[in-house]
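The values are calculated or read from the model by the stated rules, or taken from the named source; none is laboratory data. Predicted, not measured: the structure shown is a model, and the values here were computed from it. Note: ideal-geometry Cβ built from the backbone for every residue, glycine included; neighbour counts use all protein chains shown. Side chains included, ligands, DNA and RNA excluded: accessible areas come from the protein's heavy atoms. Shrake-Rupley method; radii C 1.70, N 1.55, O 1.52, S 1.80 Å.
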Amino acid sequence: MSAQITSIGTALPATSAPQPELRAFFARQPGADRLTRRLIGGAFDASGIQTRHTALESLAGSPDGVFIDEDGTLLSPTTGVRNDLYRRAAPPLAAAAARDALTRGDVAADQITHVITVSCTGFFAPGLDYHLVRDLGLPPDVERTHLGFMGCAAALPALRLASQIAEGRPRAVVLVVCVELCSLHVRETSDPEQVVAASVFADGAAAALVTAGDNSRDTGGLVLDRFATALTREGESDMSWTIGDHGFRMTLSAEVPRIIGREIRDAVDRLLGGEAPPDIWAVHPGGRSVLDKVEMGLALAPTALQASRAVLRDCGNMSSATILFILRRLLEDPAVEGPIAALAFGPGLTVESALLHRRR
């Protein structure tokens with residue numbers, strides 16, 4: 001029996017930041033000249049985002065002297081300082097999303113056999129997987145795997161691994177947890193690529209329960225039919241994620257949407273294998289321009305990306321967690337029927353994809 005997602009839980013930091021307020025914050029930084037302010041206004045206004053959530057309370061107007069000074073100036077803490085905050089804030093957010101998935105799936109913590117954690121915005125050990133076992137009361141012999149630093153596309157490889165485990169072990173109950181605190185790497189900049197990154201990235205966590213065989217539920221879910229991976233012919237230097245002395249640095253060039261627009265059809269053909277494309281899509285919203293290029297490149301109806309645009313609007317780009325937020329909307333929408341194609345884009349430029357269908 002094919003593996004399926006039986007439930008998806010999500011969690012957001014308590015601090016929300018409306019996009020207009022963030023735009024004004026970056027525009028009034030001391031280093032923002034007239035051209036930079038124009039870049040900021042254009043990028044933030046074109047993002048398709050209304051609100052984002054952040055682990056940095058200071059971004060909502062509470063200066064902390066670490067990330068933001070008393071006069072509202074954005075500071076430049078070291079990578080160590082940023083990672084210390086990740087170590088404190090990421091585990092409880094991941095646990096909150098996991099508890100939500102367990103509750104929605106009516107699964108007890110002691111039923112979990114495998115944990116797969118995903119993150120690219122911080123490192124520490126013992127890591128997220130260890131803390132989930134302790135925080136949720138999972139069995140001490142649960143098998144743990146961590147997928148680190150794979151960027152925005154990582155949730156789909158995690159689901160692929162979960163499906164392989166579940167199909168190979170009929171009694172397995174796999175918990176996949178993605179948590180990203182992108183805002184910890186905020187910086188003042190006049191670099192257009194960094195301005196674009198500042199305009200879209202946000203914080204959040206999501207978790208999915210994956211089962212097959214004896215543990216599959218008749219209450220419905222998203223069946224994981226197949227997966228595919230593709231490397232675009234260009235893009236290695238256009239999307240990257242590197243570690244510096246003052247945080248992680250995202251390179252996100254203006255070529256990314258254009259590369260996706262040119263190469264998306266080949267990647268999707270590899271996934272579909274000659275089948276007709278579905279009417280419903282879950283596409284990682286790297287930004288509104290990425291969704292526009294996918295819609296145009298695949299000649300999709302405007303309604304095909306409705307869930308992706310809604311998550312972008314309400315939450316922003318939460319890196320790996322975002323695609324699970326989108327799939328949750330589709331899982332809980334009673335009007336969703338039939339096949340669903342999922343796409344996510346990572347450094348390289350990598351295209352990860354999955355074909356699912358809604359089980360009633």
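Taking into account only those residues within region 17-56 that are in a strand (DSSP E or B), crowded, with 16+ Cβ neighbours inside 10 Å and not β-branched (Val, Ile, Thr), which is modelled with the lowest pLDDT?
Initial filter on region 17-56 (in a strand (DSSP E or B)): 17-18, 51-54.
Filter once more, so that each one left must be crowded, with 16+ Cβ neighbours inside 10 Å: 17, 51-54.
Then keep just the ones that are not β-branched (Val, Ile, Thr); that gives 17, 52-53.
Values: Ala17: 93, Arg52: 97, His53: 98.
The residue in question is Ala17.
Any residue in region 242-260 that is under 30 Å from Arg171 (Cα atoms) and either of a type in the set (Gly, Ala, Ser) or touching a residue at least 24 places away in the same chain (Cβ under 8 Å) (or both)?
First, pick out the residues of region 242-260 that are under 30 Å from Arg171 (Cα atoms): none.
No.
Could you please let me know if Thr121 is among the hydroxyl-bearing types (Ser, Thr, Tyr) and within 16 Å of Ala162 (Cα to Cα)? Please lay out each step first, then the result.
Working: among the hydroxyl-bearing types (Ser, Thr, Tyr): yes; within 16 Å of Ala162 (Cα to Cα): no.
Judged against the criteria, Thr121 is not a match.
Any idea how many residues of region 208-219 are surrounded by 15 or more Cβ atoms within 10 Å (Cβ to Cβ) and either hydrophobic (A, V, I, L, M, F, W, C) or at pLDDT below 80 (or both)? Explain how you work it out, then say what you get.
Narrowing region 208-219 to residues surrounded by 15 or more Cβ atoms within 10 Å (Cβ to Cβ): 208-213, 215-217.
Within this subset, residues satisfying the condition of being either hydrophobic (A, V, I, L, M, F, W, C) or at pLDDT below 80 (or both) are 208-210, 212-213, 215-217.
The qualifying residues number 8.
Tell me whether region 316-332 contains one or more residues that are surrounded by fewer than 18 Cβ atoms within 10 Å (Cβ to Cβ), modelled with pLDDT of 95 or more and within 28 Å of Thr251 (Cβ to Cβ).
No, every residue in region 316-332 fails to be surrounded by fewer than 18 Cβ atoms within 10 Å (Cβ to Cβ), modelled with pLDDT of 95 or more and within 28 Å of Thr251 (Cβ to Cβ).
From (1) more than 24 Å from Asn317 (Cα to Cα); (2) assigned to a loop (DSSP other than H, G, I, E, B); (3) touching a residue at least 12 places away in the same chain (Cβ under 8 Å), pick out the condition that doesn't hold for Gly122.
Result: Gly122 passes all but (1).
Can you name every residue in region 145-182 that is of a type outside the set (A, V, I, L, M, F, W, C), part of a helix (DSSP H, G or I) and farther than 18 Å from Leu128 by Cβ? It would help to see each step written out before you state the result.
At the first step, the residues of region 145-182 found to be of a type outside the set (A, V, I, L, M, F, W, C) are 145-146, 148, 151, 157, 160, 163-164, 167-171, 180.
Remaining after also requiring part of a helix (DSSP H, G or I): 151, 157, 160, 163-164, 167-168.
Residues satisfying the conditions are Arg160, Ser163, Gln164, Glu167, Gly168.
Under the condition of being outside any helix (DSSP H, G or I) and open to solvent by 50 Å² or more (accessible area, probe 1.4 Å), which residue from region 183-193 is nearest to Gly122 (Cα to Cα)? Spell out how you get there, then give the answer.
Looking only at region 183-193, we keep the residues that are outside any helix (DSSP H, G or I), and these are 186-191.
Remaining after also requiring open to solvent by 50 Å² or more (accessible area, probe 1.4 Å): 187-188, 190.
Values: Arg187: 16, Glu188: 20, Ser190: 25 Å.
Among those that are outside any helix (DSSP H, G or I) and open to solvent by 50 Å² or more (accessible area, probe 1.4 Å), it is Arg187.
Does Val290 count as among the hydrophobic types (A, V, I, L, M, F, W, C), under 30 Å from Arg187 (Cα atoms), without any contact (Cβ under 8 Å) to a residue 60 or more places away in the chain and out of contact with any Cys (no Cβ under 6 Å at 6 or more places or on another chain)?
Numbers: among the hydrophobic types (A, V, I, L, M, F, W, C): yes; under 30 Å from Arg187 (Cα atoms): yes; without any contact (Cβ under 8 Å) to a residue 60 or more places away in the chain: yes; out of contact with any Cys (no Cβ under 6 Å at 6 or more places or on another chain): yes.
It is true that Val290 is among the hydrophobic types (A, V, I, L, M, F, W, C), under 30 Å from Arg187 (Cα atoms), without any contact (Cβ under 8 Å) to a residue 60 or more places away in the chain and out of contact with any Cys (no Cβ under 6 Å at 6 or more places or on another chain).
Counting only residues that are farther than 25 Å from Leu138 by Cβ, among the hydrophobic types (A, V, I, L, M, F, W, C), touching a residue at least 12 places away in the same chain (Cβ under 8 Å) and assigned to a loop (DSSP other than H, G, I, E, B), how many does region 62-108 have?
The qualifying residues number 2.
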